[in-house]
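Comments concern the structure below.
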Amino acid sequence: MTLENLTLTIPTLNEEENISNCLSSFIDSGVKNIIVIDGGSDDETVNIIKKYNVKLIQLKKLGLANQRNIGISNVKTKYTALIDADMRSVKGSLEKMIQDLEEGNYDGVEAFIKPMETKSYYDKSYQCIMEININKLGKRNMIGTPTLWKTSVLQKNNFDPYFSGPSDDTDLCYRLSSKGHVFGGSSAIIKHVHRSDFKSYVKKYLWYGKGDAQFVLRHPERFFSILKHQLFNYPIKFSLISALKLQISPIPFMIVSGLLRFFGMVIEIFLKILKRKDRIYKT
């Protein structure tokens, strides 16, 4: 299956450690159309991108949803893949995503996430959550990166610019589902560079909590669903599934991750009440 009908969109913000390997892996896999939307990097990210034959769009710090929208608006192909800089291609993965999208009659599909390597307790535990919660086939209520979409669906239903961080995809899928759009899991594999230290994971899950806060402020009716995800799914449901698989060591990580998301949400809601200016940053 050809990749000429596919455009890759990659948002960046201070990704000098990741972007070169990301671009090289997808170009080597046969991708011809790549759009990188930089959100105001102040490291070497932009200079590295300029070494590649890709379309570069430079913005100020407008947030993740704005970056995605601007990238999608420049797509001319039938399919659009949403990829992050810490992801790497596996040969044939994008072709498989197109195949699964068409055969399942989906509007968007999410690939399985596999680690580039597991060097520490933290990235091994994170991957355990991926296997429980993300790497699933069949119809899904929500999909996030790495995803492949029908471009027409994304261009008619923009990401909400209100979302400066994560949960932009949660909001999009929530709105699309109400219109009858359908998403699914693809058996294609995309590699991911997991964080390998405690500090990075704390920052990441607090950032997820910020996204949860923005989602419930936008959709108050979903507050208890988000609360359930943080305080039941992570510490109880995921831990129980892990224990049944005789994987005991990730359980403390799962409990702490859910609590971090909860505290991140509380902090962000408090900052919104105080009308503090939104801080856009790289995790």
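The values are calculated or read from the model by the stated rules, or taken from the named source; none is laboratory data. Every value quoted in this text rests on a predicted model; they were computed, and no experiment measured them. Every residue, glycine among them, receives a Cβ derived from its backbone with ideal geometry; neighbour counts consider all protein chains shown.
Details
- SER225, sole failed condition from (1) touching a helix residue (DSSP H, G or I) at 6+ places or on another chain (Cβ under 6 Å); (2) among the polar types (S, T, N, Q); (3) surrounded by fewer than 22 Cβ atoms within 10 Å (Cβ to Cβ); (4) within 13 Å of PHE262 (Cα to Cα): (1)
- Count of the range 209-222 residues, restricted to those that are surrounded by fewer than 18 Cβ atoms within 10 Å (Cβ to Cβ) and in a helix (DSSP H, G or I), is 5.
- Scope the range 57-73; condition more than 19 Å from the chain's Cα centre (by Cα) and surrounded by 15 or more Cβ atoms within 10 Å (Cβ to Cβ); matching residues: ILE57, LEU59
- Each residue in the range 1-28 was checked for being touching a Phe, Trp or Tyr at 6+ places or on another chain (Cβ under 9 Å) and acidic (Asp, Glu), and 0 of them qualify.
- Qualifying position, being in the same structural domain as ILE113 (by TED's automatic domain parsing) and out of contact with any Lys or Arg (no Cβ under 9 Å at 6 or more places or on another chain), among LEU259, LEU176: LEU176
- Out of LEU227, LEU231, LEU259, sole residue that is at pLDDT 95 or above, under 16 Å from SER125 (Cβ atoms), part of a helix (DSSP H, G or I) and among the hydrophobic types (A, V, I, L, M, F, W, C): LEU259
- Considered as a group, the residues in the range 230-240 that are touching a residue at least 12 places away in the same chain (Cβ under 8 Å) and surrounded by 16 or more Cβ atoms within 10 Å (Cβ to Cβ) include one that is farthest from GLY209 (Cα to Cα), and that residue is SER239.
- Flag if ASP212 is out of contact with any strand residue (DSSP E or B) (no Cβ under 7 Å at 6 or more places or on another chain), among the acidic types (Asp, Glu), farther than 30 Å from ILE98 by Cβ and at pLDDT below 95: no
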